[in-house]
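The values are calculated or read from the model by the stated rules, or taken from the named source; none is laboratory data. Nothing here was measured: the structure is a model prediction, and the numbers come from that model. Neighbour counts are summed over all protein chains in view; Cβ atoms, including those assigned to glycine, are modelled from backbone coordinates with ideal geometry.
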Amino acid sequence: MDVFNVGDNVVDSFSKKIGVIQGKRERNNNIEWKVRFSQQDVQYIKAEYLEKFIEDDLQGMFETGKFLGINELRRILAFARIKGDITNIYYSMNNSATEFFPHQFKPVMKFIESATGRLLIADEVGLGKTIESMYIWEELIARENSRRLLIVCPAVLCEKWKNDLYNYFSIESEIIKAQELLDNIQQAVAQPLKKHFALIISLEGVRYKEKKNKSFDNSPRAKLDDFLEELSSSNKEEVFDLVIIDEAHYLRNSETASFKTASKLRDNAKNLVLLSATPIQTGEENLFNLLRILSPEEFYDQYAFYRLLNESQNFIRIANLLRSNAPLEKYEELISEIREGYFYRDDSFINDFEEKLPSIIDNREICIDYYNKFLKKVFYSSYLTRTRKRDAFEKRPTRDAYTITYHLTDYEQYLYNSVTKSLEEASEYANSFCQFQIIARQRQMASCMPAAFIDWKSKKDNDDYSTNIEEQLLDDLGFYSDDDDEENDDFDVAKTISDINIDIKRLMEVDSKYLAVKNAILKKLKDNPNTKIIIFSFYRGTIKYLAQKFADDNISCISMMGGVGINKHEVVKNFRDNPSINILLSTEVGSEGIDMQFCDTEFNYDLPWNPMRLEQRIGRIDRIGQKSDILHIFNMICSDSVEDKVLDRLYNRINIFKNSIGDIEEILGNEIQNLALDLLNRDLTEEEKLKKADEKIDTIIMKKNQLEDLENSASSSIAYKDYLIQNVEEAKKTERFIHSTDLMFYVRDYLESMWPGSKFIDFPSINKAALITLSPEAAQNYSEFLRKEGLNSTLRYGTSELLCLFDSTQREKVKRNNYEVISYSNPLIKWITEEKSKYPTASYGCSSVTMHDEEERLPKGIYSYSLQEWIAEGYKDKKEVKYYLCNIETKEVLPPLLSEEIIMKVVAFGESNPSWKDDAENISSKSCDAMTQIFDVSGSDFENFETSFLQENEEMCKQQKDYLKLMTDRKIESLRKTIFEMQSSDSSKQKGIKLRESKIKKAQENYEMQIRNIDNKVKARCSYNDIGMGIIKIY
């Protein structure tokens, strides 16, 4: 009878390698077994040198002392963590050239926990929403093998996105137009498994405002719009793995082309992330519309939304009670209100909470746990994350504000008064759009009189000075035109002031504002010749004028203005790196999408009406990475201008120069516009204008205070910062991420063990880099994988050595053109993972290791360890790696986080323990007893894990069914109402009636299908798998 069968896993007792029996042959009356150890390592071995390998009997190997060393432990954990399906590993952490900030992983955690793949990131400006959204993309690459990314943003931000993707994440992307996007989508539909892309398109370039005769519109945007609609109604898989829409507050109006285009992109995306610094708490309708973009099925009806919003407030109130140690009766009142509602009246979680309430409020740790559970139950919490600067950083730079007051000369005062009078007269007969144009011209004159008059008198001949009025109305007064075809009559300012005698040369010689700013800058440069200063103005003409004046006075500067062909990132790089340039002059193009952390001084040559625009300016230097403790903000104020007086009062009242004001744009819009219009009223004296301005500023301050109160009371529902930050910091401390050294081991171990002839040689002059050579057979196998997946890699070409960087921050040290960055998402890692998954018996799973703790921070002793995978399958699946350590002498099982931290340090710094056999007799029974203790503790922990998951799963399924029923009922009710109206009004509308009747039938069928899917998810289950055991000695 044969000792082995084909397919048996065996161990070579001589080399300790694991292989698979593929056959046998007889030679000289001896049976030799064909064993495959790797793709290129197949040997014929006598039975006496082989032992059956029982893959799953880890405990048996542990008890009989069949241990390997440190590489086996590393191999087991590397594969378990890198294969991409572990919920409590953060694949985006430590996988880029970014600096670690805990708050930037809050959206990642929200996204991973979410069952929808939809998220609104509403962080305050300057906290890194771009980075946060790209962390999510990295997670999707790891967990779902995502291939296709689309980023939609204002045109001015396209270059920043492209640069950030490459500089921080080594992602090559392409800025495209509508036709190119359509081409890429069509190719992806034709070859879904092979088409990969990272595309960036402007919102202006992709949105489509439908025309009356769309059938005659053959523009690329029209064809793209048609194709997206057609694709979303087909049964084909979503073409985008992730769509990111930046500055999503432009989508808040559901009637605009931007909203409708965003909705069509969403319908063709597996995952959607919206980015907006605008607060969503201030308007229920705005919040509803943004959430409706994320999930139109769930947020279909405003009535249901408001009802849910009202009911879920009780969860926030209970959470606040838990945090404030409130008495029992306070809870009972709120629980009673929940029982009277529609959505949560039979909630099992509430029943459990009410039953355990006395014991919960007596235990602080349990209190905190339920606090977080209640915050998670707020119905929109899974769709929304928000962080304020005050929550993200304990220590932030101080803003020191300086007002530079200047007086107009007699000639300047004469011109200012004359032009102001003419503009006020013109405004009496102007429509609203022209009135705001007049305001803009008044502000332009206040910014810089010589530049304004040059612009107005030479507008057609001098594009350098010309300023786009509609751009300024958007930036300064908050107007945003969604209609690409909208035409408005331009206000002819040159004609209005044609009777005024203006001597521009004289004005330039006596320019009091320029002289004041020049003196302040020279003083600043005298104190610190190396200081970097940014000067902002709304107007291109002002910037052009200042550049010429500074050049005449031998003050070095560089300019950045909007326009075709402007690469503002190159301008910023030149400003940063060139020590001879002290000043950057910038229009509003520099207030968004650039990082100026190396600069700590800002001059506002003119002040915008909208404080959020000023916050955006300051946000260029008051942002992550700013090393200076003090930011210097200089503001130019004319004592002879009523506009400047009003602005000075407004900004000092809202305290913008001392602290970040958050994001109060929504409460400012109309008030700011009315404030500006009052100043044009020629019937008011200056004293009356200032009085009316004070009244409106009081209204703004009152609304600002209300907003802050609302933010403070609802901050827990938006951020629950303690819970998430704690989890992020735990993940960082216990190293729940993939190190570059993990990837190096993973690649080296696989190539050397499975592909003889392949080489992995450390590169001496660059840290975390290696020269990799694939054997001909490995190169061929890798190339086939790349073709199958539609991927590309420099390693596929030939078998010559290639420099591979496992740390992208080392790119600047590379002096050769041909190299490749090996991050977690690199095709090489995906290939290795796929190949290792085919042959999972390549490891023992048992190790004996040791580590010398030189810092003496870890508890010394000999420990049994256990590594387990816990698997939960339901509405939202989970898979987690669990770590257990038990001291063999004391039989104490260490706390989970400490066990995890110790084991990960051993993986990084430990060594094999070849001498463990010397102590085998002394520790064998003790280690087995310790392992029994681990099984007892882990068994109890697993039961709690299972109970919690099953309860959460049941509640989630019930809530989803309630949402689904309410939304379906509302949809059918609306269709039936339309049918009734059609039947009552016109009998000729039978075709329309039948169409709506079919929609009702389809809605009912869709409801039933989704209910069946949810019912299947209710049947959840949990299981676990032992993946490693062994002994660790800490000394």
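Points to keep in mind about this one:
- Comparison of Leu291, Leu265, Leu272 shows that the only residue that is outside the structural domain of Leu140 (by TED's automatic domain parsing), touching a helix residue (DSSP H, G or I) at 6+ places or on another chain (Cβ under 8 Å) and either closer than 20 Å to Ser114 by Cβ or modelled with pLDDT under 90 (or both) is Leu291.
- Test: Asn417 is at positive phi and either in a loop (DSSP other than H, G, I, E, B) or in the same structural domain as Ser641 (by TED's automatic domain parsing) (or both): no
- Checklist (1) surrounded by fewer than 16 Cβ atoms within 10 Å (Cβ to Cβ); (2) closer than 30 Å to Ser808 by Cβ applied to Ala47, failing item: (2)
- Per-region count, the range 764-821, residues within 15 Å of Ser170 (Cβ to Cβ), under 29 Å from the mean Cα position of the chain (by Cα) and not in a helix (DSSP H, G or I): 12
- Any hit, the range 743-762, residues being of a type outside the set (D, E, K, R), modelled with pLDDT of 90 or more, buried (at least 16 other Cβ atoms within 10 Å of the Cβ) and not in a helix (DSSP H, G or I): yes
- Criterion violated by Gln990 - all others in (1) farther than 30 Å from Leu894 by Cβ; (2) over 32 Å from the mean Cα position of the chain (by Cα); (3) touching a residue at least 12 places away in the same chain (Cβ under 8 Å) satisfied: (3)
- All conditions in (1) at pLDDT below 90; (2) farther than 30 Å from Pro102 by Cβ; (3) buried (at least 18 other Cβ atoms within 10 Å of the Cβ) hold for Val728, with the sole exception of (2).
- Meets criteria (surrounded by 14 or more Cβ atoms within 10 Å (Cβ to Cβ), in contact (Cβ under 8 Å) with a residue 40 or more places away in the chain and outside any strand (DSSP E or B)) for Val3: yes
- Selection status of Asp962, without any contact (Cβ under 8 Å) to a residue 40 or more places away in the chain and assigned to a helix (DSSP H, G or I): no
- Hey, Glu55 at pLDDT 85 or above and of a type in the set (Asp, Glu) or not: no
- Search result, residues across the range 619-669 that are at pLDDT 75 or above and of a type in the set (A, V, I, L, M): Ile621, Ile630, Leu631, Ile633, Met636, Ile637
- The lone criterion from (1) farther than 14 Å from Ile18 by Cβ; (2) surrounded by 18 or more Cβ atoms within 10 Å (Cβ to Cβ) left unmet by Asp85 is number (2).
- Residue under evaluation Asp1026, criteria (1) surrounded by fewer than 18 Cβ atoms within 10 Å (Cβ to Cβ); (2) of a type outside the set (Gly, Ala, Ser); (3) in a helix (DSSP H, G or I), criterion not met: (3)
- One residue from Asn372, Asn320 being more than 21 Å from Thr947 (Cα to Cα), assigned by TED's automatic domain parsing to the domain that holds Phe305 and in contact (Cβ under 8 Å) with a residue 60 or more places away in the chain: Asn320
- Any hit, the range 944-961, residues being surrounded by fewer than 16 Cβ atoms within 10 Å (Cβ to Cβ), touching a Phe, Trp or Tyr at 6+ places or on another chain (Cβ under 9 Å) and modelled with pLDDT of 80 or more: yes
- When we screen Ser215, Ser170, Ser202 for residues that are of a type in the set (Gly, Ala, Ser) and at pLDDT 90 or above, the only hit is Ser202.
- Residue within the range 109-121 that is outside the structural domain of Ser808 (by TED's automatic domain parsing), farther than 28 Å from Asn268 by Cβ and surrounded by 16 or more Cβ atoms within 10 Å (Cβ to Cβ) present: no
- Scan of the range 508-520 for residues that are in a helix (DSSP H, G or I), in contact (Cβ under 8 Å) with a residue 40 or more places away in the chain and under 18 Å from Ser639 (Cα atoms), ordered by number: Ser512, Lys513, Tyr514, Leu515, Ala516, Val517, Ala520
- Conditions (1) in contact with a strand residue (DSSP E or B) (Cβ under 9 Å, 6 or more places away or on another chain); (2) crowded, with 22+ Cβ neighbours inside 10 Å; (3) not assigned by TED's automatic domain parsing to the domain that holds Ile245; number of the one not met by Tyr90: (1)
- Residue count for the range 14-43 satisfying the condition of being over 54 Å from the mean Cα position of the chain (by Cα) and surrounded by fewer than 16 Cβ atoms within 10 Å (Cβ to Cβ): 7.
- Which listed residue, of Lys876, Lys836, Lys891, Lys882, is of a type outside the set (A, V, I, L, M, F, W, C), in a loop (DSSP other than H, G, I, E, B) and closer than 24 Å to Lys66 by Cβ: Lys891
- The one condition from (1) under 29 Å from Ser948 (Cβ atoms); (2) at pLDDT 90 or above; (3) assigned to a loop (DSSP other than H, G, I, E, B) that Ser899 does not meet is (3).
- Selection of the range 53-70 for residues being more than 16 Å from Tyr865 (Cβ to Cβ) and either assigned to a helix (DSSP H, G or I) or touching a His at 6+ places or on another chain (Cβ under 6 Å) (or both) yields only Gly60.
- Among residues of the range 1009-1028 that are of a type in the set (A, V, I, L, M), those with a beta-carbon under 6 Å from a residue that is assigned to a strand (DSSP E or B) at least six positions away or on a different chain give the pairs Ile1027/Leu867; Ile1027/Glu869.
- Exactly one residue among Ile151, Ile131 is closer than 18 Å to Ile245 by Cα, touching a strand residue (DSSP E or B) at 6+ places or on another chain (Cβ under 8 Å) and of a type in the set (Val, Ile, Thr), and that residue is Ile151.
- Among the residues of the range 521-539, those that are assigned to a helix (DSSP H, G or I) and closer than 19 Å to Ile618 by Cα comprise Ile521, Lys524.
- A single entry from Glu834, Glu869, Glu873 fulfils the requirement of being over 26 Å from Val20 (Cβ atoms), within 31 Å of the chain's Cα centre (by Cα), surrounded by fewer than 19 Cβ atoms within 10 Å (Cβ to Cβ) and not assigned by TED's automatic domain parsing to the domain that holds Lys17: Glu873.
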